[in-house]
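Data first, discussion second: the structure below is written as C-alpha cells.
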Amino acid sequence: MREQALGRHLILEIWDADPHLLDDAHALEQLLLQAARAANATVIQSVFHHFNPYGVSGVVVIAESHLTIHTWPEYRYAAIDIFTCGPKMDLEAAVEVIAAGLGGRMVQLEISRGQGVRRAQRQPLALSAAQ
C-alpha cells in the first residue's frame with residue numbers, strides 16, 4: 001500500500017452566500033481563477049455556464065487537476081471542490097480566497113486520494129445475467 005496520498009481533494013459546502021454572486025458566471029469564474037492563482041496552480045482553461053432561470057456550473061482546469069463550482073442561488077448554496085495531484089499547491093490559500101469572496105458559512109472536508117492504492121492486478125468484476 002502507498003504511504004503517501006496521490007492527491008488532496010477538498011470539498012466545500014457553502015451556505016448563506018450572496019445569491020446574486022452565486023448567479024453571476026463571470027464573477028464566479030474570476031473568483032475561482034483568483035483562488036487557483038493564490039494556490040500557485042497552473043491554469044490551463046476555464047469553462048463556466050449560467051443556467052436558466054438561475055445557477056452556475058464551472059470548472060477551472062489546472063495542470064495539477066481542477067477547481068469546480070455548482071451553485072443554487074435560490075438556496076444561497078454552493079458546492080465546490082478543489083483537487084490537486086501535486087504537493088506544491090497551497091489549498092488553504094485557495095479556500096481563503098473563496099471564503100472571502102462568497103461569504104456565508106462553510107464546511108470543509110478533505111479526502112486523501114489514492115492512499116492505500118495497491119499495485120496489484122485488478123480482479124474483474126463478476127457480472128450476473130438478469131433472469
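Which pairs have Cβ atoms under 6 Å, sit 6 or more apart or on different chains, and link a residue in the stretch 81-93 that is closer than 17 Å to MET106 by Cβ to one that is aliphatic (A, V, I, L, M) and surrounded by fewer than 20 Cβ atoms within 10 Å (Cβ to Cβ)?
Partner pairs satisfying both residue conditions: ASP81/ILE11; ILE82/LEU10; LEU91/LEU10; ALA93/ALA38.
Given the conditions (1) among the charged types (D, E, K, R); (2) farther than 22 Å from GLY114 by Cα; (3) buried (at least 21 other Cβ atoms within 10 Å of the Cβ), which single one is not true for GLU64?
In the conditions (1) among the charged types (D, E, K, R); (2) farther than 22 Å from GLY114 by Cα; (3) buried (at least 21 other Cβ atoms within 10 Å of the Cβ), GLU64 misses (2) alone.
Among the numbered conditions (1) free of Cβ contacts under 8 Å to residues at least 60 places away in the same chain; (2) part of a loop (DSSP other than H, G, I, E, B), tell me where VAL60 comes up short.
Status for VAL60: all satisfied but (2).
Would you tally the residues in the stretch 19-57 being without any contact (Cβ under 8 Å) to a residue 24 or more places away in the chain, closer than 20 Å to GLY104 by Cβ and of a type in the set (Ser, Thr, Tyr)?
Qualifying residue count for the region: 1.
Read the figures in this text as sums done on the coordinates, not as results from a lab. On a predicted model such as this, the values are computed, not experimentally measured, just so you know. Quick reminder, even Gly has a Cβ in these numbers, built from the backbone with ideal geometry, and neighbours come from all protein chains shown.
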